[in-house]
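Enquirer: I am attaching a structure below and will ask some questions about it afterwards.
The values are calculated or read from the model by the stated rules, or taken from the named source; none is laboratory data. Keep in mind it's a predicted model, so treat the numbers as computed, not measured. Positions of Cβ are backbone-derived with ideal geometry, glycine not excepted, and every protein chain shown enters the neighbour counts. In case anyone asks, the SASA skips ligands and DNA or RNA and just uses the protein heavy atoms, side chains included. Shrake-Rupley method; radii C 1.70, N 1.55, O 1.52, S 1.80 Å.
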Amino acid sequence: MTTTTRNPTQARNIKITVAAILVLITIIVAGFVNRVQQPRVMTFAEMKINGLYLLQTPRNFGEVKLIDHHGEPFTRERLEGHWTMVFFGFTHCPDICPTTMAFMDKFMAELEGTEAQETEVVLVTVDPARDTVEQLAAYVPYFNPDFTGVTGEFLDVHRFATALNTPFRRVPGQDENYQVDHSSNVVLINPRGDYHGFFKAPLDQAKMKVTYRSARVLWDY
């Protein structure tokens, strides 16, 4: 019977090779597990089914000349460099507006990491006659101190809303306690400051979160 004796160098090389193979296997398995755990990116059609309607080509809606609830100019530049969710409502709204604002506060609380850091929420009033800077300053921070309220001249607000396919009109035949008909959708503006799409009402927390994440991933690509 013949016994093969390996010299120390051969033994060391074998150990190194085995260790390298084990490391490679570990990396492959870890990558697979991480990929499985990551939420799948939805297609445009799937996002639409789940409430997010994306424009095939994001739209430049031009200049914005409004004012925020701090009394500072709110221009197009304020919408660049991050994602913005815009809701058109008003402070005298009895139900849809406070419900949506509370919904958005909860939605923002559930975002993680850079998602939350790169997302802003803006309420644009459809009732600028009553929603002054002071009125918005008392209303918007109640829901979330990081939210921004925006008002301005009626024609400027109307032009902005029209550009984002969000029409509104005062209900006729009412006194000073009038209501305003408006959309409950939430508009999505991308970091370039373009109209990217909208979340169709009724809003759903889980669907909105996963579709928003998918939209962000597709944008990054």
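Enquirer: What number of residues in the stretch 59-96 are among the acidic types (Asp, Glu), over 27 Å from residue 176 (Cα atoms) and either without any contact (Cβ under 8 Å) to a residue 60 or more places away in the chain or surrounded by fewer than 12 Cβ atoms within 10 Å (Cβ to Cβ) (or both)? It would help to see each step written out before you state the result.
Expert: Taking the stretch 59-96 and keeping what is among the acidic types (Asp, Glu), we get 63, 68, 72, 77, 80, 95.
Still in the running and over 27 Å from residue 176 (Cα atoms): 63, 72, 77, 80.
From what is left, the residues that are either without any contact (Cβ under 8 Å) to a residue 60 or more places away in the chain or surrounded by fewer than 12 Cβ atoms within 10 Å (Cβ to Cβ) (or both) are 63, 72, 77.
Result for the stretch 59-96: 3.
Enquirer: So for the stretch 95-105 (the condition being more than 24 Å from residue 196 (Cβ to Cβ) and of a type in the set (Ser, Thr, Tyr)), does at least one residue qualify?
Expert: Within the stretch 95-105 (the criterion being more than 24 Å from residue 196 (Cβ to Cβ) and of a type in the set (Ser, Thr, Tyr)), the answer is no, since none of the residues qualifies.
Yes/no per residue for (1) farther than 20 Å from residue 166 by Cα; (2) modelled with pLDDT of 65 or more; (3) part of a loop (DSSP other than H, G, I, E, B); (4) in contact with a strand residue (DSSP E or B) (Cβ under 6 Å, 6 or more places away or on another chain):
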| site | (1), (2), (3), (4) |
| --- | --- |
| 6 | yes, no, yes, no |
| 14 | yes, yes, no, no |
| 36 | yes, no, no, no |
| 55 | no, yes, no, yes |
| 63 | no, yes, yes, no |
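Enquirer: Of the residues in the stretch 97-117, how many are open to solvent by 20 Å² or more (accessible area, probe 1.4 Å), more than 11 Å from the chain's Cα centre (by Cα), modelled with pLDDT of 95 or more and not acidic (Asp, Glu)?
Expert: Qualifying residue count, the stretch 97-117: 6.
Enquirer: Looking only at the stretch 137-156, which residues are farther than 15 Å from residue 104 by Cβ and open to solvent by less than 30 Å² (accessible area, probe 1.4 Å)? Talk me through it step by step, then tell me what you get.
Expert: As a first pass, look at the stretch 137-156 and keep what is farther than 15 Å from residue 104 by Cβ: 137-138, 151-156.
Answer for the stretch 137-156, where residues must be farther than 15 Å from residue 104 by Cβ and open to solvent by less than 30 Å² (accessible area, probe 1.4 Å): 151, 152.
Enquirer: For the subset of the stretch 157-175 comprising residues that are closer than 19 Å to residue 76 by Cβ and open to solvent by less than 40 Å² (accessible area, probe 1.4 Å), which member is nearest to the chain's Cα centre (by Cα)?
Expert: Going through the stretch 157-175, the residues closer than 19 Å to residue 76 by Cβ turn out to be 157-166.
This time we only want the ones that are open to solvent by less than 40 Å² (accessible area, probe 1.4 Å), so: 157, 160-161, 163-164, 166.
Numbers: 157: 21, 160: 19, 161: 18, 163: 19, 164: 16, 166: 17 Å.
Going through the qualifying residues, I end up with 164.
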